[in-house]
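To keep things clear, I will list the structure first and then write my remarks on it.
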Amino acid sequence: MPEMDGLSVLEQLQQNAKDSSEKIPYTIVMPPPNITGQLHMGHALNQTVQDAIIRFKRMQGYSCLWLPG
């Protein structure tokens, strides 16, 4: 495994993944894409509402993750 600054890449990723903050975590998982591939206003509304909620929670001090799933 390649070394960078005395640590392997895996060790660096593990170190970066640790959340050192004391913030409360808040997560929204995006649903998978529609199987038919046809987008409609419901998709746009869903993404907009999720975006607004994540931004609001981040402003409240939460550690937010908006994860594509």
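In this view, the solvent-accessible surface of Ser21, computed with a 1.4 Å probe and all protein chains in place, comes to about 40 Å².
Charged neighbours of Asp51, selected by a Cβ distance under 12 Å, balance to +3 (K, R count +1; D, E count -1).
The values are calculated or read from the model by the stated rules, or taken from the named source; none is laboratory data. Fair warning: this is a prediction, and the values are worked out from it, not measured in the lab. Cβ coordinates were reconstructed from backbone atoms using ideal geometry, including for glycine residues, and neighbour counts include every protein chain displayed. Protein only, heavy atoms only, side chains kept; ligands, DNA and RNA dropped before computing areas. Shrake-Rupley method; radii C 1.70, N 1.55, O 1.52, S 1.80 Å.
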